[in-house]
Amino acid sequence: MARTTSPLRIATASFVLLASMASVARAAEEKKVEKPAPKPVPVEASSAKIGPKNSRIEFVGLHTGDDPKPRLGGFKKFDGVLVVDGETLKGISVEIEVDSIWTEFDKLTQHLQAADFLNTKEFPTAKFTSSKIAPTDKPGVVSVTGKLDFHGVESEITFPAKVTITDKGLVLKSKFELDRTQFAMTEHTDGVEKLVSVEVVVGQATKGAEDEQKKEAAAKAEATKTSKATSANQPKSGLAVGEEVEPWTPVHVAGPDKGTRTCPVCTYLGCPAVVVFAKKGDNTERLLAEVEKLCVENGDKLKGFVAVLDASPAELELIAAQNGVTLASLCYPDDKTGAKDLAAYHVNPEVANTVMVYKDYKVTANFIDLKATDVAKLESAVERVLN
C-alpha cells in the first residue's frame, strides 16, 4: 500500500523551510557592515586633494571556476588631486604606492606583492592622469579617460564616475573592471580571473587609515625617544629606523630554509622580521632562543634570522640542536657575499650584536649590544609592528 503525506505535514514542512530561509537571510543582512555615507572633500583653489584619510581605492579579485572565492583588497598609501571648475570635474591625477596593498589574508597580500603578480620591488608606483572627462546621458555621471602607468605598462583606460560638487566639497564614486593582462600581469590566468573589479570613492577613508596614522606617530615617537637615549659615545651599527633593508645571502644552518642560501628579503618580502647579526657566545644563544620564541608565538606573521659572524657550521648545528631551533633561521654570512651583505646592513664588526626589526622593508627598531636580560625591548618592538 502506497504511503501518503498529509497536507498538514506538507504545510508544516513548508513553513519550517520558509522560516529557516528567512532566518538565514536576516543573519546575512545583520552581518553586512554598511560603510558611512561619503563626506565631501573640501575644494580649495579649484582642486581637491585626496589620500587615505578621505578616499579609498579597493578591488575584488575572483578565482576561475564554480567557486570564485572573492578576495577584497585595496591600497593604504596614495595621493592625488581632482581639478574642478565650478561644479564640473576637469581633471584627475593620482599616484599609488603599490607596495601598500592590503587584503584580508597576509599570505595573499605577500603573494600579490611578489614578482608573478604586482612585482612591487620593480614597479613600486602606479600613476593615473586623465586626458578627457565627458558627460554621459546619466545625470551626474561622467566618462573619464586617461593613461594608467601600472606594472611597467602605460595604457589608456576609460571608466564611469558619479560626481557631486557642492559648496561643501566633492564626492566621487566609481566602479569598473580592469583587465590585469592589459598591464602585463599574465600569470595564473588559469586560476585567477583576468578582470578585476575596482571601486574608487572620494569621500570615504581607506580601511585602517586612522590606525596606520597612530602607528606611524607611535613609531616616530619611539624613534625620537631611542635617539635621545643614545649617548654620543655609543657605537653605531645597523640600518637606522626608516631605512630600507636590502637583499642578502646567508647560509641557513637551521630553520625553515635549512640547507639553502635563501635571501630573506626576496623570499618573505615585507613580512615583519627580526634580524640579528652577532658574535658567538652565551648572550647570542639566549637571543636566539628569544627570537625562536617570538616566531613560535606569532606563526607566519613574523620571521626571524640570527646570523652568527664568527662560528663554524658545525658549531651552529650544535647550537641549533641544543636550543631546539625550528622556526627561526640560524645562519652565517656566505663567504662570497658576506662582506658586501654586512656593509649593506652597516654592521659594525666591533659590537657584540646588532638587532633590527623591520616591516614592509623599512626598519622600525635598532638595538646595539642588546643584552638577553633586556629582551623586553625587542618584544615591545615586535609587538608594535604586528599590532
key: Nearest-0.05 FRET efficiency for Asn298 and Lys147, computed from C-beta distance (R0 51 Å)   = 0.75
ask   = Please state the relative contact order of the chain as a whole percent: Cα pairs under 8 Å, 6+ residues apart?
value = 14 percent
task = Using only Cα atoms, locate the centre of segment 49-75 and the centre of segment 319-346, then give the distance between them in Å, rounded to an integer.
result = 38 Å
query = Of all accessible surface on segment 335-387 at a 1.4 Å probe, what whole percent is carbon and sulfur?
reply = 52 percent
message = Which one, Phe105, Ala209, Ala381, projects farthest toward the positive side of the charge dipole computed for the chain from Cβ point charges (K/R +1, D/E -1)?
response = Ala209
note = For the chain, the per residue accessible area (1.4 Å probe, Å²) is 57 Å²
request  = Quick one: give the max-minus-min coordinate of the C-alpha atoms of the chain along each principal axis, largest first, in Å.
outcome  = 84, 77, 39
remark   = In segment 183-224 the accessible area split gives carbon plus sulfur, as whole percent at 1.4 Å, a share of 51 percent
query = In terms of Cα to Cα distance under 16 Å, which aspartates and glutamates are near enough to Lys168, apart from those fewer than 8 places away along the same chain?
reply = Glu44, Asp85, Glu87
key: Simple spin-label estimate for Lys215 and Arg261 in nanometres, 7 Å along Cα-Cβ   = 3.4 nm
query = Averaged over all directions, how much area does the convex hull of the C-alpha atoms of segment 128-176 cover when projected, in nm²?
reply = 4.0 nm²
note = With Cα coordinates, the longest principal axis of the chain makes an angle with the long axis of helix 7-31, in degrees rounded to 10, of 60 degrees
query = Taking Cα atoms, how many degrees apart are the long axis of helix 209-229 and the longest axis of the chain, rounded to 10 and kept between 0 and 90?
reply = 20 degrees
request  = Among Thr145, Leu178, Ala134, flag the residue with its Cα farthest along the positive direction of the charge dipole of segment 131-195, charges on Cβ as +1 for Lys/Arg and -1 for Asp/Glu.
outcome  = Ala134
ask   = Which of Ser47, Pro272, Leu370 sits farthest toward the positive end of the charge dipole of the chain, with +1 on the Cβ of Lys and Arg and -1 on the Cβ of Asp and Glu?
value = Ser47
ask   = How large is the dipole of the chain about the Cα centre if only Lys and Arg carry +1 and Asp and Glu carry -1, each at its Cβ, rounded to the nearest 20 debye?
value = 1200 debye
inquiry  = Here is the link list: Lys279/Lys336; Lys147/Lys359; Lys35/Lys121; Lys107/Lys207; Lys147/Lys194; Lys76/Lys107. Which ones come out longer than 28 Å on Cα distance?
reply    = Lys147/Lys359; Lys35/Lys121
key: Calculated [θ] (222 nm, deg cm²/dmol) that DSSP helices of n ≥ 4 give over the chain, each run adding -39,500 (n - 2.57)   = -8500 deg cm²/dmol
request  = Roll a 1.4 Å probe over the protein heavy atoms and report the accessible area of Glu292 in Å², nearest 10.
outcome  = 20 Å²
query = Tell me, what is the FRET efficiency for Thr373 and Glu97 to the nearest 0.05, using R0 = 35 angstrom and their Cβ-Cβ distance as r?
reply = 0.35
key: Relative pair counts by distance (%), Cα atoms of segment 97-232, 10 Å bins   = 10, 29, 30, 20, 8, 3, 0
query = Relative contact order for segment 49-148: what is it in percent, counting Cα pairs under 8 Å that are at least 6 residues apart?
reply = 20 percent
note = By the rule of no other cysteine beta carbon under 4.7 Å, the lone cysteines of the chain are Cys271, Cys295, Cys331
task = Can you tell me the dipole magnitude for segment 103-209 around its Cα centre, using point charges on the Cβ only (Lys, Arg +1; Asp, Glu -1), in Debye to the nearest 20?
result = 500 debye
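The values are calculated or read from the model by the stated rules, or taken from the named source; none is laboratory data. It should be emphasised that the depicted structure is a prediction, and the values quoted were computed from it without experimental measurement. Every residue, glycine among them, receives a Cβ derived from its backbone with ideal geometry; neighbour counts consider all protein chains shown. Accessible surface is based on the protein model in full, side chains and every heavy atom, while ligands, DNA and RNA are left aside. Shrake-Rupley method; radii C 1.70, N 1.55, O 1.52, S 1.80 Å.
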